[in-house]
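First comes the structure, then the notes that go with it.
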Amino acid sequence: MCLSRHHHHHHHHPHSDDFFRGPEGSLRPASPDNPLLWPVLGSSTLLFLFSLPEILSGEMSRSRGLVADGLHNLLDWAGTLPLLFGLWAERRAPSPRFPYGLGKAETLSGLGVLLMVLASAFMTLYLSVRGLFSPSPVREPLLAMGIALASVAVNLLVGGLQISSGRRASHPALLASGHHALTDAGIALGVLAGIAATPLGYPRLDALAGLLLGALLVRSALSGGGALLIRLLDGIDPEVLDTIKREAEAVPGVEEVGEVRARWIGRALAAEIRLTVPDRLDTRQAHQLAQEVRHRLLHRIERLCDLLVHIDPRGESGEAFHRISAHAHDGLPLHSH
């Protein structure tokens with residue numbers, strides 16, 4: 001969801017081509033048909049339809065690695081449910097209860113995906129440790145190897161679909177899910193190698209492949225979770241703030257750029273900026289200068305959709321000039337703001 005306060009800019013922006021102007025002046029989704037919905041539904045259906053036969057084949061062949069891979073694919077399917085929720089929530093228009101929209105539901109959905117990844121990792125590790133202490137030969141190794149090879153193909157397909165869609169829409173949760181699927185494809189190759197080694201007299205290699213799978217999943221979840229937590233806590237790359245400041249300083253008439261704040265609301269960037277302008281400007285001229293700053297930043301800062309500009313006259317810039325000194329009124333004790 002993309003918002004804009006007091007923004008009357010009507011030119012085309014390459015970074016905002018999936019939004020249009022709504023009746024309240026906010027930028028709304030361009031279409032009720034979310035282009036990400038079908039890739040997520042397609043990959044979800046593929047994982048669900050494949051995971052159940054894979055688990056069944058793993059039980060029939062007594063392959064710990066194959067059962068673990070099937071359970072993991074099943075949990076990956078469950079992990080697309082938070083993604084679908086996020087896609088639904090981010091399409092909701094701002095309301096009095098949620099004036100910024102529900103863009104952060106996208107970040108929450110990404111964390112939901114990572115929790116599913118961790119759950120599948122610990123399940124895989126548990127099954128693999130059991131296999132190490134009580135190894136058993138794989139029955140029907142050709143069937144198990146065929147299913148493992150099919151798992152590689154399914155995860156490559158799912159990963160490619162999600163990454164290509166996530167890149168087009170700059171959707172971090174979908175990108176995380178897609179890269180995770182590509183990791184799964186590599187791990188499924190390890191499962192395949194473990195199954196192939198079992199008839200040669202190395203039954204524990206199947207369980208070792210499962211341990212490798214679980215360890216890589218934990219690493220993947222922890223590395224992706226840090227970036228999502230930073231966004232959820234309104235953290236941002238300082239370079240983004242520096243770029244906003246540089247671009248605002250380049251506008252003629254701006255004497256100084258003071259405080260700059262920005263945060264992510266889903267895939268949209270919201271920012272606040274304080275400018276110092278000549279004190280000879282009247283209200284209309286200062287407003288026009290603020291519009292020029294907003295115009296430039298919306299063009300230059302990718303994904304910037306909400307910009308609040310505060311104007312200070314020369315000599316009265318900074319937080320100190322906005323403080324209210326100690327005073328008392330309405331029977332309240334002495335206080336300041």
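The values are calculated or read from the model by the stated rules, or taken from the named source; none is laboratory data. The structure displayed is predicted, hence computed values, not measured ones. Positions of Cβ are generated from backbone atoms using ideal geometry, with glycine treated the same way; all protein chains shown enter the neighbour counts. In case anyone asks, the SASA skips ligands and DNA or RNA and just uses the protein heavy atoms, side chains included. Shrake-Rupley method; radii C 1.70, N 1.55, O 1.52, S 1.80 Å.
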If you check every pair at least six apart or on different chains, which have Cβ atoms under 7 Å apart with a residue in region 51-72 that is in contact (Cβ under 8 Å) with a residue 12 or more places away in the chain and outside any helix (DSSP H, G or I) first and a residue that is surrounded by fewer than 20 Cβ atoms within 10 Å (Cβ to Cβ) and not basic (Lys, Arg) second? 62/136
Can you pull out the strands (runs of 3 or more DSSP E) entirely within region 209-326 that have at least 2 residues that are surrounded by fewer than 19 Cβ atoms within 10 Å (Cβ to Cβ) and of a type in the set (D, E, K, R)? 256-265
Residue pairs qualifying under the 8 Å Cβ cut-off, at least six apart or on distinct chains, with the first in region 90-103 being closer than 21 Å to residue 173 by Cα and assigned to a loop (DSSP other than H, G, I, E, B) and the second being open to solvent by less than 70 Å² (accessible area, probe 1.4 Å) and β-branched (Val, Ile, Thr), are 100/265; 101/265; 103/265
Suppose we filter 263, 284, 274, 280 for residues that are of a type in the set (D, E, K, R), in contact with an Asp or Glu (Cβ under 6 Å, 6 or more places away or on another chain), at pLDDT 85 or above and farther than 23 Å from residue 103 by Cβ; which single one remains? 274
State all residues of region 112-121 that are touching a Gly at 6+ places or on another chain (Cβ under 7 Å) and open to solvent by 40 Å² or more (accessible area, probe 1.4 Å); if no residue qualifies, say none. 116
Considering every residue within region 132-146, establish whether at least one is hydroxyl-bearing (Ser, Thr, Tyr), over 16 Å from the mean Cα position of the chain (by Cα) and open to solvent by 40 Å² or more (accessible area, probe 1.4 Å). yes
Looking at (1) among the polar types (S, T, N, Q); (2) in contact with a Pro (Cβ under 9 Å, 6 or more places away or on another chain); (3) closer than 22 Å to residue 47 by Cα, which is the one condition that is false for residue 151? (2)
Expected single match for in contact with a Phe, Trp or Tyr (Cβ under 8 Å, 6 or more places away or on another chain) and either open to solvent by less than 70 Å² (accessible area, probe 1.4 Å) or within 30 Å of residue 204 (Cβ to Cβ) (or both) among 165, 128, 109 is 109
Quick check on region 247-256. Is at least one of its residues among the β-branched types (Val, Ile, Thr) and under 29 Å from residue 102 (Cβ atoms)? no
